[in-house]
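Each remark here refers to the structure printed beneath this line.
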Amino acid sequence: MERRFDYGIMTEIKQRWSPRAFSDKEVPEEVLLALLEAARYAPSCANEQPWRFVVANKQDDLEKLRAVLDPGNQKWAHRAPLLILIAADKITRSKGEHNRWNMFDAGTAWGFLSLEAQRRGLITHAMGGFNVEKARQAFQISDQYDLMTVIAVGYYGDKSELSEFNQGREHPNTRKEIKELLI
């Protein structure tokens, strides 16, 4: 499958997709911090910045976060040297009431993080397939936060190490036409 771009856009957007073939090569701390810096500068409603991260790049935390993944994700994500759980604060700082934009804003932070990762030669794969309650318990996260996704981050590895099923999925997907996105 080949992607087709009708308009000129950023190279990082064109190149980014969600691979599953991770190398176990560690992500340097300086690179991790640059990814978080990119996320930190994402726009947010009323500058609330509701995104929060659980970073797992040490063996104990990696094991805890891998354990909350659905079995299908565990089959390939076990090689990723860095997992990041993204949460979104439900409460606004300014008024102490529900922040209805929290997940929208945290999603924007994920987008910025993923593009910075792409720029630096890393791959990312966000996973909705994880047990939210187990993640809450494992990392002692209160109900004040919506737990949104777990992201695998690392360097591209050997596709042949994936299951046959996942090898067949190891390619960029196509996208809907712009006209299909309009209501």
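The values are calculated or read from the model by the stated rules, or taken from the named source; none is laboratory data. Values in this document were obtained by computation on a predicted structure and should not be read as measured data. Please note: Cβ atoms are built from the backbone with ideal geometry, for glycine as well, and neighbour counts cover all protein chains shown.
Observations
- The residue that is modelled with the lowest pLDDT, among those in segment 98-138 that are touching a strand residue (DSSP E or B) at 6+ places or on another chain (Cβ under 7 Å) and part of a loop (DSSP other than H, G, I, E, B), is Asn99.
- Matching residues, segment 145-180, being under 27 Å from Ala109 (Cβ atoms), touching a Lys or Arg at 6+ places or on another chain (Cβ under 9 Å) and either at pLDDT below 95 or charged (D, E, K, R) (or both): Asp146, Arg169, Glu170, Pro172, Asn173, Thr174, Arg175
- Of all residues in segment 107-141, those that are farther than 26 Å from Glu26 by Cβ and either touching a Lys or Arg at 6+ places or on another chain (Cβ under 7 Å) or of a type in the set (A, V, I, L, M, F, W, C) (or both) total 1.
- Residue among Leu147, Leu113, Leu85 that is among the aliphatic types (A, V, I, L, M) and closer than 26 Å to Lys14 by Cβ: Leu113
- Verdict on Ile141 being closer than 26 Å to Tyr41 by Cα and not in a loop (DSSP other than H, G, I, E, B): no
- Extreme residue, farthest from the chain's Cα centre (by Cα), among residues of segment 28-53 that are assigned to a loop (DSSP other than H, G, I, E, B) and buried (at least 17 other Cβ atoms within 10 Å of the Cβ): Glu48
- Number of the exception - Arg93 against (1) in a loop (DSSP other than H, G, I, E, B); (2) over 20 Å from Phe53 (Cα atoms); (3) among the basic types (Lys, Arg); (4) in contact (Cβ under 8 Å) with a residue 12 or more places away in the chain: (2)
- Answer from Ala106, Ala88 - the residue that is in contact with an Asp or Glu (Cβ under 6 Å, 6 or more places away or on another chain), of a type in the set (A, V, I, L, M, F, W, C), touching a residue at least 40 places away in the same chain (Cβ under 8 Å) and buried (at least 19 other Cβ atoms within 10 Å of the Cβ): Ala88
- Flag set for Ser114, criterion: under 12 Å from the mean Cα position of the chain (by Cα) and of a type in the set (Gly, Ala, Ser).
- The lone exception for Lys58 - which of (1) more than 22 Å from Tyr156 (Cα to Cα); (2) more than 16 Å from the chain's Cα centre (by Cα) it fails: (1)
- Members of segment 142-183 found to be within 28 Å of Glu29 (Cβ to Cβ), more than 18 Å from the chain's Cα centre (by Cα) and surrounded by 14 or more Cβ atoms within 10 Å (Cβ to Cβ), listed by number: Glu161, Leu162
- Of all residues in segment 1-27, those being within 18 Å of the chain's Cα centre (by Cα) and without any contact (Cβ under 8 Å) to a residue 40 or more places away in the chain number 1.
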